[in-house]
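Worksheet: one structure, shown below.
The values are calculated or read from the model by the stated rules, or taken from the named source; none is laboratory data. Remember, it's a predicted structure, so these values are computed and weren't measured experimentally. Virtual Cβ from ideal backbone geometry, glycine too; neighbours counted across all protein chains shown. Surface areas here come from the heavy atoms of the whole protein model, side chains and all, with no ligands, DNA or RNA. Shrake-Rupley method; radii C 1.70, N 1.55, O 1.52, S 1.80 Å.
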Amino acid sequence: MFRLLKGFGVTLNYFRQKKVTIQYPEERVAMPPRYRGIHRFFPDKCIVCNLCVQVCPTDVITLTGKKSEENPKKKVIETYNIDFQGCILCDFCTEVCPTDAIVMTARYNNLSSFNRAEHFKDIKWLSDNHIYGNYEESAPAPEAGERGEVK
Amino acid sequence: MELVYIILYAVITLAVLLGAVTYAILFERKVIGYMQLRPGPNRHGPWGMLQTVADVMKLLMKEDIIPKNADKKVFILAPIIAFVPSFAIFASISWSDNIYGADLNIGLLYFIGISSITTLGVLMGGWSSNNKYSLLGAIRGVAQVISYEIPLVLSVLGVVILVGSLNFRDIVYYQESIGMWLIIPQFLAFVVYMISAIAELNRSPFDLPEAESELVSGYHTEYSGFRFAFFMLAEYVYAYAIAALATTLFLGGWLGPAFLPGIVWFFLKMSVIVFFWFWLRATLPRARVDNLMRFGWKVLIPLALLNIVITSIIKVWMG
Amino acid sequence: MSIKTEEMVLNMGPQHPSTHGVFRLKLHVSGETITKAEPVMGYLHRGSEKLAEGFIYTQFIPYTDRLDYLNAMTNNYVYCAGVEKLLGWEIPERAEYLRVITMELNRIASHLVWWGTYLLDIGALSPFLYAFKDREIVLDRLNEISGARMTFNYMRVGGVKWDAPAGWIEKVQETVKQISESIEMFNTLVTGNEIFQSRTIGVGKLTKEQVIDWGLSGPIARASGVNIDLRKTEPYSIYDRFDFDVPVAEEGDAYARYKVRIAEIRESIKIVEQACSQIPAEGEIIHKKGARIMMIKPPAGEAYTRAEASKGEIGVYVVSNGKTKPYRVKLRRPSFVNVAILQDLLVGASIQDVVAIFGSLDVVLGEVDA
Amino acid sequence: MSQEVLDLVTEKVHSFLGEEVLAYEEPEPPEEPREEEEKPKRKKKEEPKPERPASLNFGQPMIILNTEHWSQALAEMLRDDEELQFDFLSCVTGVDYPEHMEVIYNLYSTVKDHYLYVKVKTSREEPAVASSEPVWKAGDYMEREIYDLMGIEFPGHKNQKRILLADDWEGHPLRKDYVTDKKALGLD
């Protein structure tokens, strides 16, 4: 009978303690830099290798490229879209990207909307997504082939 | 003229009760929230003061849904039958030396008799909803409330024997005359009373009739909107009533040092009891039906009887 | 005189507060006593095994996260280990340690959720919040290393995706210390509580024979005296390097399962502590071929690999035909196998006990329905 | 140790069903399973050769049976035999190959701590494998799942019906010839 009473002490002790909940819209959890949030895209780093499209398990990335004006051998990105309706934020696109053109930010909010079409984000939105993450803004593009797969 | 006073008293009591229930709910949510390391409601008004008001507004503005296969008349009647007695019993409560409704000779009897009617509302609500969870909840509720009424009454009998009156005011005056609260000579009765009161109120850990993890919501599963509000109101008003009764019988009613008026003491004591119930809810898991019944019949009733025997002996011995 | 009574069919779920998701139980009850129980599932079926056949090997890893979403690390592990078995790869030392640390942290988190939700089922409100508060710090650690709080997608065929960030190991040590303090509080609040004991002792009793016959595993089996813990009986990864006990109880009731899980949290803490002190300071974290995720091509063959998840034995049967996509992936989900016992176990119990029994099995619906 | 288990199982199966069973699979080059040496991991180039009906698969014994040889009596023998005691049915897998279908039972002995893969081959046209449900209850749901997703019949199962998909679902999605109608599923 008296072991039961000990529990009252526990709850009363918690009653006095500092509260741990976060008042969400005013306070926000700071996610670690590795957090797999909404992507950011660097158009000038992209070499249009199409690996992210191939590796995407949910087929939500679409892109098109065009010939570069300065160097006709090179391709530059023209359109780049991610449909966040289906994106599972698995990180494979950033993992295979040889130039770190597509990276993930710690952004975890502001994707909810009443409209499915709004989840479709284009190159402009993705490149303007200035949120910190596990990347360096001005990092020099690594040599292609250092990470992931290059055909 | 007297009728006007009675009506006025009733209206004021109702208004005060509604306000008190509003803040009892807030108080409960705050207390449990604090015990669970969260601040509780804090969005409506400062410190969440308007939270319950918002909830009530929502309930009142909701569409009135009566299930298609429900027994309509009974379904509509049930919340009223549940609520009216819980309010009616406040007529007999004496808040302080000079604030009271009816100075009934059989106050205690009236209180216990009227409060039992609420069970009928529960049964009607559960039965008429035509929902299996409601039915199970109602049957559990009735079985539980009726079983625990017995130890409740028996525990109170000790006080009655000691005081020699069923009148609430006499009981308080008696405590004044002997110079101590009856919780001391009647401690066993107080414990039995508090435990059976929890069961009577369907509060945790004896909230089986509305055990949300098992029976979804028990007897009021199908209720929504203001009918649901009535059930909730009945529950909280009843909680206050039982706390008021405990205050009167065991904690000396309005008695207390003179720097505060009697009615404040009364409410303070009630609040302590109500806090205790919230504390229980934050701490204990729900009991099992069979254990609950066994505990009621095999532990509480014998204890209450024992208390009566001891009290009678003391009474006779002391003359 | 006899009163005519009729059996009632009570439909519990798919929307019910205690079925932890979309699980449905068709209960035939006489009064409050159950005469027949029929679990109905599939509401959350996403066709994981079918999806796997269309993916390259690595692409399926995030989908294993979504089976038992409370214990995604072990799901990640068992799938990767299954493919590695076909490939015959050696996993770098540091990767193995990181795998063990994350898996055990995840097991702690999973058991904490179970603890909270089980007590919520039983009617105690506060433990839920206390458990989630403690789980939060574990999830923070997992978030720091993997970048997600539940769907980690952390392991890769051949190793792990990330190395531990700076200072992470020390933080983990701090975290498990906090958890072990909390467990003391859990015991004070709940384990000794008479009401809790009366609701769980003798409820949902499983015999050793039943456990083996029904293929039950994990804490359920160990609570009935079946001493199988794959970390001990068939040490995979590097579990043979750690000194830990396998908690076993003989009673086989809900309370025994409770005790076993609480004790398992302690054992997991022990493993994490040892792993944190043993882990090599530096080293490879992935097999040299593993980083090329599009080129993983196991030779033709098939193998069954199993591991000890928090719910029981999780297994994966991978059939490869030498291409980059698996020919067949079969997932042996412990919850799916464990939930079958309900047909047998619930008969004769009361409605009150349904939640106490169902909760004590620790079933995750994402895993049942795959 | 695994080799011994394999020999033991082969011997028991032989005495139960007759010598020819585990050799029956491959009448062309009749191999004596008991004489075979420890076989390393199967290599790709060996694939065209017929499978050995009793071999070690990643260090664990595996026997391959035809569906007419697999029966509840055999399962009971595996479970009850003093030396085998495969009391724990760990996993049941169904695989759809172009020419045939397979059901793989992964057995474990909690007493003896040894494993066995039992592979049962059946035709694609009328896939049927004797149910293990009466022998190991664990087979109940796992076989129902395979019936549901692959359409392999399990004669002897007490309650063989769909488990994960809706009762009125058409077809068996894990078959390789199943056509996923994205439109009907509302995915397109």
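Computed quantities for the displayed model
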| read-out | value |
| --- | --- |
| Meets criteria (within 14 Å of chain D (Cβ to nearest Cβ) and either open to solvent by less than 10 Å² (accessible area, probe 1.4 Å) or in contact (Cβ under 8 Å) with a residue 24 or more places away in the chain (or both)) for C:SER224 | yes |
| Residue within segment B:31-40 that is away from chain C (no Cβ under 14 Å) and surrounded by 15 or more Cβ atoms within 10 Å (Cβ to Cβ) present | no |
| C:SER268 open to solvent by less than 50 Å² (accessible area, probe 1.4 Å), under 30 Å from B:GLU214 (Cα atoms) and not hydrophobic (A, V, I, L, M, F, W, C) | no |
| Unmet criterion (only one of (1) within 12 Å of another protein chain (Cβ to nearest Cβ); (2) touching a strand residue (DSSP E or B) at 6+ places or on another chain (Cβ under 6 Å); (3) under 30 Å from C:GLY348 (Cα atoms)) for C:HIS20 | (2) |
| Boolean, A:TYR80 is aromatic (Phe, Trp, Tyr) and part of a loop (DSSP other than H, G, I, E, B) | no |
| Matching residues in segment B:278-302 - criterion: being in contact with a helix residue (DSSP H, G or I) (Cβ under 7 Å, 6 or more places away or on another chain) and either aromatic (Phe, Trp, Tyr) or part of a loop (DSSP other than H, G, I, E, B) (or both) | B:PHE278, B:TRP279, B:LEU284, B:PRO285, B:ARG286, B:ALA287, B:ARG288, B:TRP297 |
| Members of segment C:44-89 found to be outside any helix (DSSP H, G or I), open to solvent by 10 Å² or more (accessible area, probe 1.4 Å) and within 19 Å of C:MET294 (Cα to Cα), listed by number | C:GLY54, C:PHE55, C:ILE56, C:GLY88, C:TRP89 |
| Answer residue from segment B:253-272, given it is at pLDDT below 80 and small (Gly, Ala, Ser) and is nearest to B:PHE90 (Cα to Cα) among those | B:GLY253 |
| Considering residues of segment D:104-121 that are open to solvent by 10 Å² or more (accessible area, probe 1.4 Å) and touching a strand residue (DSSP E or B) at 6+ places or on another chain (Cβ under 7 Å) only, the residue nearest to the other protein chains (Cβ to nearest Cβ) | D:THR110 |
| Residue identified as β-branched (Val, Ile, Thr), more than 11 Å from chain B (Cβ to nearest Cβ) and within 24 Å of B:LEU292 (Cβ to Cβ) among C:THR200, C:THR191, C:THR207 | C:THR191 |
| Number of positions in segment C:121-166 that are in a helix (DSSP H, G or I) and either more than 7 Å from every other protein chain (Cβ to nearest Cβ) or in contact (Cβ under 8 Å) with a residue 24 or more places away in the chain (or both) | 20 |
| Enumeration of residues in segment B:41-77 that are open to solvent by less than 70 Å² (accessible area, probe 1.4 Å) and in contact with a Ser or Thr (Cβ under 6 Å, 6 or more places away or on another chain) | B:THR52, B:ALA70, B:VAL74, B:PHE75 |
| Helices (runs of 4 or more DSSP H) lying entirely in segment B:156-219 (those with 3 or more residues that are modelled with pLDDT of 85 or more and open to solvent by less than 10 Å² (accessible area, probe 1.4 Å)) | B:187-200 |
| Out of B:ILE106, B:ILE150, sole residue that is modelled with pLDDT of 85 or more and either surrounded by fewer than 18 Cβ atoms within 10 Å (Cβ to Cβ) or not assigned by TED's automatic domain parsing to the domain that holds B:ASP290 (or both) | B:ILE150 |
| C:TYR118 vs. criteria touching a Leu at 6+ places or on another chain (Cβ under 9 Å), among the aromatic types (Phe, Trp, Tyr), part of a helix (DSSP H, G or I) and crowded, with 24+ Cβ neighbours inside 10 Å | no |
| Condition check for C:GLU181: out of contact with any Gly (no Cβ under 7 Å at 6 or more places or on another chain), in a helix (DSSP H, G or I) and more than 14 Å from chain D (Cβ to nearest Cβ) | yes |
| Filtered residue count, segment C:272-293, keeping only those that are assigned to a helix (DSSP H, G or I), surrounded by fewer than 19 Cβ atoms within 10 Å (Cβ to Cβ) and within 14 Å of chain A (Cβ to nearest Cβ) | 0 |
| Residue count for segment A:49-74, restricted to those that are more than 10 Å from chain C (Cβ to nearest Cβ), in a loop (DSSP other than H, G, I, E, B) and within 19 Å of the chain's Cα centre (by Cα) | 3 |
| Pick from segment C:297-319, criterion buried (at least 23 other Cβ atoms within 10 Å of the Cβ) and part of a loop (DSSP other than H, G, I, E, B), ranking: farthest from the other protein chains (Cβ to nearest Cβ) | C:SER310 |
| Unique residue being buried (at least 21 other Cβ atoms within 10 Å of the Cβ) and under 14 Å from D:ILE64 (Cβ atoms) when the list is D:MET150, D:MET101 | D:MET101 |
| Pick from segment A:82-102, criterion aliphatic (A, V, I, L, M) and open to solvent by 30 Å² or more (accessible area, probe 1.4 Å), ranking: nearest to A:PRO43 (Cα to Cα) | A:LEU89 |
| Which numbered condition C:ARG135 misses (of (1) open to solvent by 10 Å² or more (accessible area, probe 1.4 Å); (2) in contact with a Pro (Cβ under 8 Å, 6 or more places away or on another chain)) | (2) |
| Qualifying residue in segment D:155-166 (condition: of a type in the set (D, E, K, R), in contact with a Lys or Arg (Cβ under 9 Å, 6 or more places away or on another chain) and more than 10 Å from every other protein chain (Cβ to nearest Cβ)) | yes |
| Only listed residue being surrounded by fewer than 19 Cβ atoms within 10 Å (Cβ to Cβ) and part of a loop (DSSP other than H, G, I, E, B), chosen from C:GLY215, C:GLY202 | C:GLY202 |
| Output for segment C:13-34, where each listed residue is part of a strand (DSSP E or B), closer than 17 Å to C:SER335 by Cβ and open to solvent by less than 40 Å² (accessible area, probe 1.4 Å) | C:LEU25 |
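To keep it simple, each residue is scored yes or no on (1) touching a helix residue (DSSP H, G or I) at 6+ places or on another chain (Cβ under 7 Å); (2) touching a residue at least 60 places away in the same chain (Cβ under 8 Å).
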site: B:TYR173; (1), (2): no, no
site: B:GLU176; (1), (2): no, yes
site: B:PRO185; (1), (2): yes, yes
site: B:ALA189; (1), (2): yes, yes
site: B:ALA197; (1), (2): yes, no
site: B:PHE206; (1), (2): yes, yes
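For every residue, the table says whether it meets (1) open to solvent by 60 Å² or more (accessible area, probe 1.4 Å); (2) free of Cβ contacts under 8 Å to residues at least 40 places away in the same chain.
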{"site": "B:LYS269", "(1), (2)": "no, yes"}
{"site": "B:VAL272", "(1), (2)": "yes, yes"}
{"site": "B:LEU280", "(1), (2)": "no, no"}
{"site": "B:PRO285", "(1), (2)": "no, no"}
{"site": "B:VAL299", "(1), (2)": "no, yes"}
{"site": "B:LEU305", "(1), (2)": "yes, no"}
{"site": "B:VAL309", "(1), (2)": "yes, yes"}
{"site": "B:TRP317", "(1), (2)": "yes, yes"}
